[in-house]
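The values are calculated or read from the model by the stated rules, or taken from the named source; none is laboratory data. Quantities reported herein were computed from a predicted structural model and do not represent experimental measurements. Cβ placement follows ideal geometry from the backbone for every residue including glycine, while neighbour counts extend to all protein chains displayed.
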(Lines give C-alpha, C1' and ligand atoms only; values in the text may rest on other atoms or scores of the structure.)
Protein backbone atom coordinates (compact mmCIF):
# COMPACT_ATOMS: atom_id res chain seq x y z
CA UNK A 1 0.00 0.00 0.00
CA UNK A 2 1.23 3.47 -0.80
CA UNK A 3 1.80 5.61 2.32
CA UNK A 4 -1.17 7.88 1.74
CA UNK A 5 -1.33 11.05 3.87
CA UNK A 6 1.91 10.24 5.68
CA UNK A 7 4.21 13.27 5.92
CA UNK A 8 7.50 13.44 4.05
CA UNK A 9 9.41 13.75 7.33
CA UNK A 10 7.96 10.48 8.63
CA UNK A 11 8.56 8.77 5.28
CA UNK A 12 12.16 9.97 5.32
CA UNK A 13 12.65 8.50 8.78
CA UNK A 14 10.97 5.24 7.71
CA UNK A 15 13.47 5.02 4.87
CA UNK A 16 16.13 4.33 7.51
CA UNK A 17 14.15 1.21 8.46
CA UNK A 18 13.42 -0.26 5.08
CA UNK A 19 16.10 0.93 2.65
CA UNK A 20 18.69 -1.84 2.11
CA UNK A 21 21.44 0.79 1.83
CA UNK A 22 20.72 2.28 5.24
CA UNK A 23 20.32 -1.16 6.81
CA UNK A 24 23.66 -2.22 5.36
CA UNK A 25 25.23 0.96 6.72
CA UNK A 26 23.71 0.23 10.15
CA UNK A 27 24.95 -3.37 9.96
CA UNK A 28 28.48 -2.21 9.19
CA UNK A 29 28.32 0.35 11.96
CA UNK A 30 27.10 -2.21 14.50
CA UNK A 31 29.75 -4.66 13.28
CA UNK A 32 32.43 -2.01 13.72
CA UNK A 33 31.16 -1.16 17.20
CA UNK A 34 31.04 -4.85 18.11
CA UNK A 35 34.67 -5.25 17.07
CA UNK A 36 35.56 -2.43 19.46
CA UNK A 37 34.18 -4.35 22.43
CA UNK A 38 37.47 -6.15 23.27
CA UNK A 39 39.36 -2.87 23.01
CA UNK A 40 36.83 -1.15 25.25
CA UNK A 41 37.00 -4.02 27.75
CA UNK A 42 40.80 -3.82 27.66
CA UNK A 43 40.69 -0.04 28.15
CA UNK A 44 38.33 -0.39 31.10
CA UNK A 45 40.55 -3.11 32.58
CA UNK A 46 43.66 -0.99 32.06
CA UNK A 47 41.99 2.02 33.60
CA UNK A 48 40.98 -0.03 36.59
CA UNK A 49 44.46 -1.52 36.89
CA UNK A 50 46.01 1.93 36.56
CA UNK A 51 43.73 3.21 39.29
CA UNK A 52 44.73 0.27 41.47
CA UNK A 53 48.39 0.97 40.73
CA UNK A 54 47.99 4.61 41.66
CA UNK A 55 46.24 3.69 44.87
CA UNK A 56 48.99 1.18 45.68
CA UNK A 57 51.68 3.73 44.79
CA UNK A 58 50.03 6.23 47.11
CA UNK A 59 49.93 3.66 49.91
CA UNK A 60 53.57 2.77 49.32
CA UNK A 61 54.60 6.43 49.30
CA UNK A 62 52.85 6.88 52.65
CA UNK A 63 54.54 3.76 53.96
CA UNK A 64 57.92 4.95 52.63
CA UNK A 65 57.44 8.29 54.32
CA UNK A 66 56.62 6.52 57.57
CA UNK A 67 59.66 4.25 57.26
CA UNK A 68 61.89 7.23 56.42
CA UNK A 69 60.61 8.99 59.50
CA UNK A 70 61.27 5.90 61.63
CA UNK A 71 64.70 5.51 60.05
CA UNK A 72 65.67 9.02 61.04
CA UNK A 73 65.56 7.91 64.64
CA UNK A 74 67.83 4.98 63.78
CA UNK A 75 70.34 7.04 61.79
CA UNK A 76 72.96 7.01 64.58
CA UNK A 77 72.74 3.25 65.04
CA UNK A 78 72.95 2.79 61.28
CA UNK A 79 76.11 4.87 61.19
CA UNK A 80 77.71 2.71 63.86
CA UNK A 81 76.70 -0.45 62.03
CA UNK A 82 78.27 0.88 58.84
CA UNK A 83 81.51 1.41 60.67
CA UNK A 84 81.42 -2.15 61.94
CA UNK A 85 80.60 -3.37 58.43
CA UNK A 86 83.56 -1.37 57.18
CA UNK A 87 85.77 -3.35 59.51
CA UNK A 88 84.64 -6.64 57.98
CA UNK A 89 87.69 -7.16 55.71
CA UNK A 90 89.95 -6.56 58.70
CA UNK A 91 88.01 -8.87 60.99
CA UNK A 92 87.77 -11.54 58.33
CA UNK A 93 91.57 -11.69 57.84
CA UNK A 94 92.47 -12.95 61.32
CA UNK A 95 93.81 -16.11 62.76
CA UNK A 96 92.56 -17.62 66.02
CA UNK A 97 96.00 -17.93 67.61
CA UNK A 98 94.75 -19.66 70.73
CA UNK A 99 93.09 -22.32 68.58
CA UNK A 100 96.33 -22.89 66.64
CA UNK A 101 98.32 -23.19 69.85
CA UNK A 102 95.69 -25.47 71.34
CA UNK A 103 95.82 -27.69 68.27
CA UNK A 104 99.62 -27.87 68.31
CA UNK A 105 99.47 -28.82 71.97
CA UNK A 106 96.93 -31.56 71.15
CA UNK A 107 98.86 -32.94 68.19
CA UNK A 108 102.45 -32.80 69.48
CA UNK A 109 103.58 -36.36 70.32
CA UNK A 110 105.21 -37.07 73.66
CA UNK A 111 108.61 -37.73 72.22
CA UNK A 112 108.79 -34.25 70.73
CA UNK A 113 109.94 -31.23 72.70
CA UNK A 114 108.90 -27.91 71.22
CA UNK A 115 111.30 -25.12 71.83
CA UNK A 116 109.83 -22.39 69.64
CA UNK A 117 106.49 -21.54 68.03
CA UNK A 118 106.41 -18.44 65.82
CA UNK A 119 103.18 -17.26 64.28
CA UNK A 120 103.49 -14.33 61.98
CA UNK A 121 101.35 -12.47 59.46
CA UNK A 122 102.46 -11.77 55.89
CA UNK A 123 101.40 -10.69 52.39
CA UNK A 124 99.82 -7.47 53.61
CA UNK A 125 97.42 -5.58 51.44
CA UNK A 126 96.13 -2.09 52.16
CA UNK A 127 92.32 -1.77 52.79
CA UNK A 128 90.67 1.65 52.91
CA UNK A 129 87.84 1.86 55.45
CA UNK A 130 86.15 4.84 57.01
CA UNK A 131 88.52 5.29 59.87
CA UNK A 132 91.70 4.94 57.83
CA UNK A 133 93.99 2.77 55.78
CA UNK A 134 94.67 -0.70 57.21
CA UNK A 135 97.31 -3.24 56.23
CA UNK A 136 95.44 -6.51 56.17
CA UNK A 137 97.43 -9.81 56.09
CA UNK A 138 96.45 -12.51 53.64
CA UNK A 139 98.77 -15.23 54.86
CA UNK A 140 99.81 -16.55 58.22
CA UNK A 141 103.09 -18.41 58.64
CA UNK A 142 103.55 -20.87 61.52
CA UNK A 143 107.08 -21.95 62.40
CA UNK A 144 107.59 -24.71 64.97
CA UNK A 145 111.04 -25.75 66.17
CA UNK A 146 112.04 -28.39 68.73
CA UNK A 147 113.91 -31.60 69.41
CA UNK A 148 113.16 -35.25 69.26
CA UNK A 149 115.11 -38.22 70.43
CA UNK A 150 117.53 -39.77 68.05
CA UNK A 151 115.33 -42.91 68.02
CA UNK A 152 112.17 -40.83 67.54
CA UNK A 153 111.73 -41.45 63.78
CA UNK A 154 109.44 -39.10 61.87
CA UNK A 155 107.30 -37.78 64.73
CA UNK A 156 107.81 -34.16 63.62
CA UNK A 157 106.51 -35.12 60.12
CA UNK A 158 103.47 -36.69 61.70
CA UNK A 159 102.88 -33.43 63.58
CA UNK A 160 103.26 -31.47 60.34
CA UNK A 161 100.75 -33.69 58.50
CA UNK A 162 98.14 -33.55 61.26
CA UNK A 163 98.50 -29.78 61.64
CA UNK A 164 98.11 -29.29 57.89
CA UNK A 165 94.86 -31.28 57.97
CA UNK A 166 93.56 -28.99 60.72
CA UNK A 167 94.45 -25.74 58.99
CA UNK A 168 92.09 -24.18 56.37
CA UNK A 169 92.11 -25.43 52.79
CA UNK A 170 94.89 -23.83 50.79
CA UNK A 171 97.39 -24.24 53.64
CA UNK A 172 100.69 -25.89 52.82
CA UNK A 173 103.90 -27.02 54.41
CA UNK A 174 106.58 -24.52 53.46
CA UNK A 175 109.58 -26.21 55.01
CA UNK A 176 110.68 -29.21 57.11
CA UNK A 177 114.20 -29.70 58.24
CA UNK A 178 115.95 -32.02 60.68
CA UNK A 179 119.46 -31.55 62.09
CA UNK A 180 121.12 -34.76 63.35
CA UNK A 181 122.52 -34.70 66.83
CA UNK A 182 123.18 -36.83 69.96
CA UNK A 183 121.17 -37.60 72.00
CA UNK A 184 118.51 -35.28 70.32
CA UNK A 185 117.79 -34.28 66.76
CA UNK A 186 116.61 -30.68 66.13
CA UNK A 187 113.70 -30.20 63.75
CA UNK A 188 112.03 -27.16 62.19
CA UNK A 189 108.58 -27.00 60.56
CA UNK A 190 107.16 -24.05 58.57
CA UNK A 191 103.50 -23.93 57.41
CA UNK A 192 101.63 -21.24 55.53
CA UNK A 193 97.86 -20.77 55.92
CA UNK A 194 95.45 -18.30 54.27
CA UNK A 195 93.77 -15.82 56.62
CA UNK A 196 90.30 -15.90 55.04
CA UNK A 197 89.67 -19.64 55.29
CA UNK A 198 87.60 -21.43 57.86
CA UNK A 199 89.21 -22.68 61.00
CA UNK A 200 86.67 -25.24 62.07
CA UNK A 201 89.36 -27.88 61.76
CA UNK A 202 91.20 -26.16 64.63
CA UNK A 203 88.17 -26.74 66.86
CA UNK A 204 86.66 -23.27 66.39
CA UNK A 205 82.89 -23.51 66.62
CA UNK A 206 80.31 -21.32 64.94
CA UNK A 207 78.35 -18.87 67.02
CA UNK A 208 74.86 -20.24 66.39
CA UNK A 209 72.57 -17.52 67.70
CA UNK A 210 72.89 -13.84 68.16
CA UNK A 211 71.82 -14.15 71.81
CA UNK A 212 75.00 -16.07 72.53
CA UNK A 213 76.83 -12.80 71.96
CA UNK B 1 27.20 13.72 2.15
CA UNK B 2 28.55 14.47 5.64
CA UNK B 3 25.19 15.97 6.56
CA UNK B 4 23.44 12.80 5.37
CA UNK B 5 25.76 10.63 7.47
CA UNK B 6 25.35 12.81 10.54
CA UNK B 7 21.55 12.86 10.12
CA UNK B 8 21.53 9.07 9.74
CA UNK B 9 23.64 8.61 12.88
CA UNK B 10 21.34 10.98 14.78
CA UNK B 11 18.05 9.59 13.53
CA UNK B 12 18.85 5.90 13.00
CA UNK B 13 16.24 3.64 14.65
CA UNK B 14 18.63 1.70 16.88
CA UNK B 15 15.89 -0.06 18.86
CA UNK B 16 14.21 -1.12 15.62
CA UNK B 17 17.47 -2.52 14.24
CA UNK B 18 18.29 -4.35 17.46
CA UNK B 19 14.76 -5.80 17.63
CA UNK B 20 15.42 -7.65 14.38
CA UNK B 21 14.79 -4.91 11.82
CA UNK B 22 18.35 -5.22 10.59
CA UNK B 23 17.65 -8.70 9.22
CA UNK B 24 14.02 -8.61 8.24
CA UNK B 25 11.46 -6.01 7.28
CA UNK B 26 8.51 -8.40 7.44
CA UNK B 27 6.51 -6.91 10.25
CA UNK B 28 3.07 -7.39 11.76
CA UNK B 29 0.52 -4.67 11.12
CA UNK B 30 -1.79 -3.07 13.64
CA UNK B 31 -4.74 -1.69 11.64
CA UNK B 32 -6.65 0.82 13.73
CA UNK B 33 -10.16 1.99 13.10
CA UNK B 34 -10.28 5.44 14.68
CA UNK B 35 -13.78 6.76 15.36
CA UNK B 36 -15.01 9.83 17.18
CA UNK B 37 -15.47 7.89 20.40
CA UNK B 38 -14.35 4.38 19.56
CA UNK B 39 -11.08 2.73 18.57
CA UNK B 40 -10.82 -0.83 17.28
CA UNK B 41 -7.78 -2.66 16.02
CA UNK B 42 -7.04 -5.69 13.93
CA UNK B 43 -3.70 -7.32 14.70
CA UNK B 44 -2.28 -8.97 11.61
CA UNK B 45 0.71 -11.17 10.96
CA UNK B 46 2.16 -11.97 7.58
CA UNK B 47 -0.88 -14.11 6.64
CA UNK B 48 -3.56 -11.66 7.71
CA UNK B 49 -5.54 -10.97 10.87
CA UNK B 50 -4.82 -12.97 14.01
CA UNK B 51 -6.46 -10.86 16.67
CA UNK B 52 -9.08 -8.21 17.20
CA UNK B 53 -9.44 -5.56 19.89
CA UNK B 54 -12.88 -3.99 19.91
CA UNK B 55 -12.56 -1.19 22.45
CA UNK B 56 -9.04 0.20 22.68
CA UNK B 57 -10.29 3.70 23.49
CA UNK B 58 -10.25 2.65 27.17
CA UNK B 59 -6.54 1.86 27.13
CA UNK B 60 -4.20 4.34 28.81
CA UNK B 61 -1.96 4.32 25.76
CA UNK B 62 -4.67 4.43 23.09
CA UNK B 63 -4.14 6.40 19.88
CA UNK B 64 -5.85 9.79 19.56
CA UNK B 65 -9.54 9.74 18.62
CA UNK B 66 -10.77 11.08 15.29
CA UNK B 67 -11.89 14.19 17.13
CA UNK B 68 -8.21 14.82 17.87
CA UNK B 69 -8.54 14.06 21.57
CA UNK B 70 -6.07 11.78 23.24
CA UNK B 71 -7.88 9.22 25.36
CA UNK B 72 -5.73 9.38 28.48
CA UNK B 73 -2.17 10.28 29.35
CA UNK B 74 -0.19 8.77 26.51
CA UNK B 75 2.68 6.44 27.31
CA UNK B 76 2.24 6.40 31.08
CA UNK B 77 2.37 2.61 31.24
CA UNK B 78 5.56 0.62 31.38
CA UNK B 79 4.76 -0.99 28.01
CA UNK B 80 3.34 0.65 24.94
CA UNK B 81 0.02 -0.46 23.51
CA UNK B 82 1.75 -1.85 20.42
CA UNK B 83 4.13 -3.88 22.58
CA UNK B 84 1.19 -5.24 24.60
CA UNK B 85 -0.67 -6.28 21.46
CA UNK B 86 2.31 -7.93 19.82
CA UNK B 87 3.04 -9.81 23.06
CA UNK B 88 -0.60 -10.85 23.42
CA UNK B 89 -0.72 -12.29 19.91
CA UNK B 90 2.90 -13.50 19.92
CA UNK B 91 4.12 -11.37 17.07
CA UNK B 92 7.40 -9.64 16.41
CA UNK B 93 8.09 -6.41 18.26
CA UNK B 94 8.61 -4.17 15.24
CA UNK B 95 5.21 -3.17 13.90
CA UNK B 96 3.53 -1.04 11.24
CA UNK B 97 0.44 1.02 11.94
CA UNK B 98 -2.42 1.58 9.54
CA UNK B 99 -4.96 4.20 10.52
CA UNK B 100 -8.49 4.18 9.10
CA UNK B 101 -10.09 7.35 10.33
CA UNK B 102 -13.74 8.33 10.51
CA UNK B 103 -12.87 12.02 10.60
CA UNK B 104 -15.24 14.86 11.28
CA UNK B 105 -16.72 16.48 8.16
CA UNK B 106 -14.64 19.61 8.63
CA UNK B 107 -11.47 17.51 8.79
CA UNK B 108 -11.96 15.56 5.55
CA UNK B 109 -12.50 16.14 1.87
CA UNK B 110 -13.45 13.86 -1.03
CA UNK B 111 -13.96 14.75 -4.65
CA UNK B 112 -13.92 13.24 -8.12
CA UNK B 113 -12.31 15.42 -10.76
CA UNK B 114 -9.93 15.31 -13.71
CA UNK B 115 -6.49 16.81 -14.10
CA UNK B 116 -7.85 18.72 -17.06
CA UNK B 117 -10.50 20.44 -14.97
CA UNK B 118 -7.94 21.11 -12.26
CA UNK B 119 -5.68 22.63 -14.96
CA UNK B 120 -2.82 20.40 -13.94
CA UNK B 121 -0.63 18.18 -16.06
CA UNK B 122 0.27 15.52 -13.54
CA UNK B 123 -0.79 14.09 -10.22
CA UNK B 124 2.41 15.38 -8.61
CA UNK B 125 1.81 18.95 -9.73
CA UNK B 126 -1.85 18.74 -8.65
CA UNK B 127 -0.82 17.52 -5.19
CA UNK B 128 1.74 20.28 -4.88
CA UNK B 129 -0.79 22.92 -5.90
CA UNK B 130 -3.40 21.54 -3.49
CA UNK B 131 -0.87 21.68 -0.71
CA UNK B 132 0.31 25.19 -1.54
CA UNK B 133 -2.93 26.82 -2.63
CA UNK B 134 -6.14 24.80 -2.32
CA UNK B 135 -8.28 27.85 -3.18
CA UNK B 136 -6.64 27.90 -6.61
CA UNK B 137 -7.65 24.27 -7.22
CA UNK B 138 -11.10 24.09 -5.70
CA UNK B 139 -12.28 27.65 -6.38
CA UNK B 140 -13.74 28.22 -2.96
CA UNK B 141 -11.84 26.45 -0.22
CA UNK B 142 -13.30 27.48 3.11
CA UNK B 143 -10.84 25.79 5.36
CA UNK B 144 -7.91 27.67 6.80
CA UNK B 145 -6.70 24.44 8.36
CA UNK B 146 -3.86 22.84 6.39
CA UNK B 147 -4.78 19.52 4.79
CA UNK B 148 -2.81 16.56 3.55
CA UNK B 149 -3.82 15.41 0.11
CA UNK B 150 -3.76 12.24 -1.92
CA UNK B 151 -4.97 11.28 -5.37
CA UNK B 152 -6.10 7.82 -6.43
CA UNK B 153 -6.99 6.52 -9.85
CA UNK B 154 -10.58 5.85 -10.78
CA UNK B 155 -10.32 2.18 -9.68
CA UNK B 156 -9.26 3.37 -6.20
CA UNK B 157 -6.12 1.24 -6.23
CA UNK B 158 -4.49 1.91 -2.91
CA UNK B 159 -1.20 0.33 -3.79
CA UNK B 160 -0.57 1.55 -7.30
CA UNK B 161 1.11 4.70 -8.57
CA UNK B 162 -1.46 6.97 -10.11
CA UNK B 163 -0.72 8.19 -13.61
CA UNK B 164 -4.08 8.92 -15.22
CA UNK B 165 -4.74 10.65 -18.49
CA UNK B 166 -5.69 14.28 -17.95
CA UNK B 167 -9.31 13.60 -18.89
CA UNK B 168 -9.72 10.52 -16.69
CA UNK B 169 -11.60 10.80 -13.39
CA UNK B 170 -9.41 10.83 -10.33
CA UNK B 171 -10.35 10.61 -6.67
CA UNK B 172 -9.01 13.41 -4.54
CA UNK B 173 -9.14 13.07 -0.79
CA UNK B 174 -7.64 14.83 2.15
CA UNK B 175 -7.56 14.93 5.94
CA UNK B 176 -6.61 17.79 8.24
CA UNK B 177 -2.87 17.96 8.73
CA UNK B 178 -3.23 18.31 12.50
CA UNK B 179 -5.21 15.09 12.77
CA UNK B 180 -2.69 13.13 10.68
CA UNK B 181 0.17 14.61 12.70
CA UNK B 182 -1.43 13.40 15.94
CA UNK B 183 -1.40 9.82 14.61
CA UNK B 184 2.20 10.17 13.43
CA UNK B 185 3.22 11.51 16.79
CA UNK B 186 1.50 8.65 18.61
CA UNK B 187 3.03 6.05 16.27
CA UNK B 188 6.40 7.64 17.04
CA UNK B 189 5.91 7.01 20.76
CA UNK B 190 5.12 3.39 19.92
CA UNK B 191 8.27 2.98 17.84
CA UNK B 192 6.14 1.94 14.87
CA UNK B 193 6.22 2.92 11.24
CA UNK B 194 3.09 4.03 9.42
CA UNK B 195 1.69 2.22 6.41
CA UNK B 196 -0.95 4.85 5.60
CA UNK B 197 -3.63 7.09 7.02
CA UNK B 198 -6.91 6.57 5.19
CA UNK B 199 -10.34 8.12 5.53
CA UNK B 200 -12.86 5.39 6.40
CA UNK B 201 -15.13 6.15 3.44
CA UNK B 202 -12.27 5.92 0.92
CA UNK B 203 -11.06 2.65 2.42
CA UNK B 204 -14.61 1.26 2.21
CA UNK B 205 -15.03 2.35 -1.41
CA UNK B 206 -11.71 0.69 -2.28
CA UNK B 207 -12.88 -2.50 -0.55
CA UNK B 208 -16.26 -2.35 -2.36
CA UNK B 209 -14.62 -1.89 -5.75
CA UNK B 210 -12.34 -4.85 -5.09
CA UNK B 211 -14.96 -7.19 -3.62
CA UNK B 212 -18.37 -6.26 -5.07
CA UNK B 213 -19.48 -6.96 -8.60
CA UNK B 214 -18.81 -3.41 -9.75
CA UNK B 215 -17.03 -4.77 -12.82
CA UNK B 216 -20.11 -6.46 -14.14
CA UNK B 217 -22.67 -3.82 -13.32
CA UNK B 218 -22.79 -0.10 -12.60
CA UNK B 219 -23.08 0.44 -8.88
CA UNK B 220 -24.23 2.98 -6.38
CA UNK B 221 -22.53 2.65 -3.01
CA UNK B 222 -23.41 4.48 0.17
CA UNK B 223 -21.02 4.36 3.09
CA UNK B 224 -22.71 5.19 6.38
CA UNK B 225 -20.34 6.14 9.19
CA UNK B 226 -20.65 7.97 12.46
CA UNK B 227 -20.06 11.21 10.55
CA UNK B 228 -22.88 11.03 8.02
CA UNK B 229 -22.92 9.22 4.71
CA UNK B 230 -20.82 9.22 1.58
CA UNK B 231 -22.44 8.35 -1.72
CA UNK B 232 -20.43 7.07 -4.67
CA UNK B 233 -21.21 5.88 -8.16
CA UNK B 234 -19.10 3.35 -10.09
CA UNK B 235 -19.42 2.97 -13.83
CA UNK B 236 -17.97 -0.44 -14.65
CA UNK B 237 -15.45 -0.29 -11.81
CA UNK B 238 -14.54 3.36 -12.36
CA UNK B 239 -15.47 5.84 -9.69
CA UNK B 240 -17.24 8.72 -11.36
CA UNK B 241 -19.10 10.41 -8.54
CA UNK B 242 -18.65 10.98 -4.81
CA UNK B 243 -20.49 13.22 -2.41
CA UNK B 244 -20.90 13.73 1.34
CA UNK B 245 -24.42 13.75 2.76
CA UNK B 246 -26.03 14.00 6.18
CA UNK B 247 -27.78 10.64 6.17
CA UNK B 248 -28.16 7.41 4.23
CA UNK B 249 -31.53 8.55 2.89
CA UNK B 250 -30.02 11.83 1.69
CA UNK B 251 -27.18 9.94 0.07
CA UNK B 252 -29.49 7.63 -1.89
CA UNK B 253 -31.71 10.55 -2.86
CA UNK B 254 -28.68 12.39 -4.21
CA UNK B 255 -27.57 9.32 -6.12
CA UNK B 256 -31.03 8.77 -7.63
CA UNK B 257 -30.97 12.35 -8.88
CA UNK B 258 -27.59 11.82 -10.53
CA UNK B 259 -28.23 8.42 -12.15
CA UNK B 260 -29.33 9.84 -15.48
CA UNK B 261 -26.70 12.54 -15.55
CA UNK B 262 -24.04 9.94 -14.87
CA UNK B 263 -25.47 7.68 -17.61
CA UNK B 264 -25.59 4.66 -15.32
CA UNK B 265 -27.42 1.58 -16.61
CA UNK B 266 -29.60 -0.31 -14.14
CA UNK B 267 -27.19 0.22 -11.26
CA UNK B 268 -26.90 -2.10 -8.27
CA UNK B 269 -27.28 -0.43 -4.91
CA UNK B 270 -25.09 -1.20 -1.91
CA UNK B 271 -25.03 0.09 1.64
CA UNK B 272 -21.99 -0.31 3.89
CA UNK B 273 -22.73 0.71 7.45
CA UNK B 274 -20.37 1.07 10.35
CA UNK B 275 -23.20 0.40 12.81
CA UNK B 276 -26.67 -1.07 12.42
CA UNK B 277 -29.08 1.85 12.42
CA UNK B 278 -32.78 2.38 12.08
CA UNK B 279 -32.13 4.27 8.84
CA UNK B 280 -32.31 1.00 6.95
CA UNK B 281 -36.08 1.32 6.88
CA UNK B 282 -35.89 4.45 4.71
CA UNK B 283 -33.73 3.01 1.98
CA UNK B 284 -34.62 1.27 -1.32
CA UNK B 285 -35.83 -2.31 -1.14
CA UNK B 286 -33.51 -3.73 -3.81
CA UNK B 287 -30.55 -2.56 -1.77
CA UNK B 288 -27.77 -4.97 -0.75
CA UNK B 289 -26.78 -4.21 2.79
CA UNK B 290 -23.23 -5.27 3.56
CA UNK B 291 -23.49 -6.63 7.06
CA UNK B 292 -22.61 -9.65 9.18
CA UNK B 293 -25.22 -11.81 7.45
CA UNK B 294 -23.90 -11.56 3.91
CA UNK B 295 -20.30 -10.45 4.25
CA UNK B 296 -19.05 -14.01 4.25
CA UNK B 297 -20.59 -14.44 0.79
CA UNK B 298 -19.04 -11.20 -0.45
CA UNK B 299 -15.51 -11.52 0.89
CA UNK B 300 -15.45 -15.30 0.57
CA UNK B 301 -14.52 -16.10 4.16
CA UNK B 302 -15.64 -15.72 7.73
CA UNK B 303 -13.13 -14.07 10.01
CA UNK B 304 -12.29 -16.01 13.16
CA UNK B 305 -9.98 -13.88 15.25
CA UNK B 306 -8.60 -14.21 18.73
CA UNK B 307 -9.61 -11.61 21.29
CA UNK B 308 -7.86 -10.27 24.37
CA UNK B 309 -9.22 -13.09 26.52
CA UNK B 310 -7.53 -15.64 24.24
CA UNK B 311 -10.56 -17.27 22.59
CA UNK B 312 -11.15 -17.22 18.85
CA UNK B 313 -14.52 -15.82 17.89
CA UNK B 314 -16.20 -14.82 14.64
CA UNK B 315 -15.67 -11.22 13.58
CA UNK B 316 -17.94 -10.68 10.62
CA UNK B 317 -18.66 -7.02 11.17
CA UNK B 318 -17.84 -5.13 7.98
CA UNK B 319 -15.19 -3.02 9.71
CA UNK B 320 -13.23 -6.15 10.73
CA UNK B 321 -13.34 -7.46 7.15
CA UNK B 322 -12.31 -4.04 5.87
CA UNK B 323 -9.26 -3.87 8.17
CA UNK B 324 -8.30 -7.45 7.32
CA UNK B 325 -8.49 -6.65 3.60
CA UNK B 326 -6.48 -3.47 4.00
CA UNK B 327 -3.57 -5.16 5.78
CA UNK B 328 -3.21 -7.52 2.82
CA UNK B 329 -2.94 -4.71 0.28
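Quick notes on this one:
- Screening residue B:81 with (1) within 15 Å of residue B:192 (Cα to Cα); (2) in contact with a helix residue (DSSP H, G or I) (Cβ under 7 Å, 6 or more places away or on another chain); (3) at pLDDT 90 or above; (4) within 11 Å of chain A (Cβ to nearest Cβ) gives one miss only, at (4).
- Counted residues, region A:1-52 - those being touching a strand residue (DSSP E or B) at 6+ places or on another chain (Cβ under 9 Å) and more than 7 Å from chain B (Cβ to nearest Cβ): 1
- Single residue of A:155, A:179 found to be farther than 14 Å from residue A:99 by Cβ and without any contact (Cβ under 8 Å) to a residue 12 or more places away in the chain: A:179
- Residue check, residue B:161 within 12 Å of residue A:4 (Cα to Cα) and in a loop (DSSP other than H, G, I, E, B): yes
- Screening B:152, B:179, B:158, B:198 for residues that are under 16 Å from the mean Cα position of the chain (by Cα), without any contact (Cβ under 8 Å) to a residue 60 or more places away in the chain and within 30 Å of residue B:44 (Cα to Cα) leaves exactly one candidate, B:152.
Yes/no per residue for (1) at pLDDT below 85; (2) surrounded by 10 or more Cβ atoms within 10 Å (Cβ to Cβ); (3) in the same structural domain as residue A:197 (by TED's automatic domain parsing); (4) farther than 17 Å from residue A:191 by Cβ:
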| position | (1), (2), (3), (4) |
| --- | --- |
| A:88 | yes, yes, no, yes |
| A:102 | no, yes, yes, no |
| A:106 | no, yes, yes, no |
| A:117 | no, yes, yes, no |
| A:136 | no, yes, yes, yes |
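- The residues on offer are A:163, A:133, and the sole one that is within 38 Å of the chain's Cα centre (by Cα) and touching a residue at least 40 places away in the same chain (Cβ under 8 Å) is A:163.
- Taking the listed residues B:40, B:53, B:27, B:57, the one that is at pLDDT 85 or above, surrounded by 14 or more Cβ atoms within 10 Å (Cβ to Cβ) and within 14 Å of chain A (Cβ to nearest Cβ) is B:27, with no other qualifying.
- Residue within region B:173-189 that is in contact with a strand residue (DSSP E or B) (Cβ under 8 Å, 6 or more places away or on another chain), surrounded by 19 or more Cβ atoms within 10 Å (Cβ to Cβ) and over 30 Å from residue B:86 (Cα atoms) present: yes
- Single residue of B:196, B:233 found to be within 14 Å of chain A (Cβ to nearest Cβ) and either surrounded by fewer than 22 Cβ atoms within 10 Å (Cβ to Cβ) or in a strand (DSSP E or B) (or both): B:196
- Count of residues meeting criterion [in a helix (DSSP H, G or I) and within 9 Å of chain A (Cβ to nearest Cβ)] in region B:184-193: 3
- Of the numbered criteria (1) assigned by TED's automatic domain parsing to the domain that holds residue A:182; (2) modelled with pLDDT of 90 or more, the one residue A:57 fails is (1).
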